[in-house]
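The values are calculated or read from the model by the stated rules, or taken from the named source; none is laboratory data. What you see is a predicted model, and the numbers here were worked out from it, not measured in a lab. Here the Cβ positions follow ideal geometry from the backbone for every residue, glycine too, while neighbour counts run over all protein chains shown.
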């Protein structure tokens with residue numbers, strides 16, 4: 001399944017994000033930046049030790065208490081095909097006093113901002129917060145698609161965004177629920 005939106009600037013597909021050949025991939029990280037389960041663990045495993053080293057440096061210098069929810073940082077891609085990894089901490093659904101949608105929106109916007117600031121033209125996203133953090137997939141599709149559309153409508157640096165889902169069913173749920181115009 002490959003579905004396109006915004007004249008092909010947004011592509012929805014399923015696959016292994018660690019195999020993406022875009023300039024940057026987004027890591028659905030936890031606040032420690034030290035790896036974990038799901039997408040986070042897979043990216044750390046595939047990228048190798050240099051990714052963990054860079055994350056430790058970021059923690060020591062900028063975020064000793066962990067990367068806050070909604071924020072993002074960028075590192076080199078290590079052994080990945082992608083040159084960069086943008087680490088973003090999504091919200092744990094239902095634990096943010098009604099601010100889940102805003103925090104998820106911030107997450108995507110901060111990733112896109114970092115990509116543009118680093119002159120990255122292509123970026124691949126997983127479905128942030130919809131795994132272990134239990135964000136409902138349909139709601140996440142609406143939030144993320146709106147942020148991506150708003151950003152791409154005002155920024156031409158990023159030429160293509162790939163939304164890479166681990167299963168066809170998750171990709172289908174996204175395609176059925178976006179807010180693209």
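Of all residues in the stretch 33-51, those satisfying the criterion of being part of a loop (DSSP other than H, G, I, E, B) and exposed (fewer than 15 other Cβ atoms within 10 Å of the Cβ) are 34, 37, 48. Does residue 54 satisfy being surrounded by fewer than 21 Cβ atoms within 10 Å (Cβ to Cβ), without any contact (Cβ under 8 Å) to a residue 60 or more places away in the chain and either in contact with a strand residue (DSSP E or B) (Cβ under 7 Å, 6 or more places away or on another chain) or assigned to a strand (DSSP E or B) (or both)? So residue 54 fits the description; yes. Quick one: is residue 134 over 14 Å from residue 70 (Cα atoms), in a loop (DSSP other than H, G, I, E, B) and modelled with pLDDT under 95? Considered against the rule, which asks whether it is over 14 Å from residue 70 (Cα atoms), in a loop (DSSP other than H, G, I, E, B) and modelled with pLDDT under 95, residue 134 comes out as yes.
Here is a check on your reading of the model: is residue 150 under 21 Å from residue 6 (Cβ atoms), in contact with a strand residue (DSSP E or B) (Cβ under 8 Å, 6 or more places away or on another chain) and in a helix (DSSP H, G or I)? Here the answer is no, as residue 150 does not meet what is asked. Beta carbons closer than 8 Å, at least 6 apart along the sequence or on distinct chains, pair a first residue in the stretch 151-177 that is under 16 Å from residue 124 (Cα atoms) with a second that is modelled with pLDDT under 90 and crowded, with 20+ Cβ neighbours inside 10 Å for 163/174; 165/174. No other residue among 18, 69, 75, 22 is assigned to a helix (DSSP H, G or I), touching a strand residue (DSSP E or B) at 6+ places or on another chain (Cβ under 9 Å) and buried (at least 20 other Cβ atoms within 10 Å of the Cβ) apart from 18. Candidates 124, 95, 144: the one that is farther than 17 Å from residue 30 by Cα and either out of contact with any strand residue (DSSP E or B) (no Cβ under 6 Å at 6 or more places or on another chain) or assigned to a helix (DSSP H, G or I) (or both) is 144.
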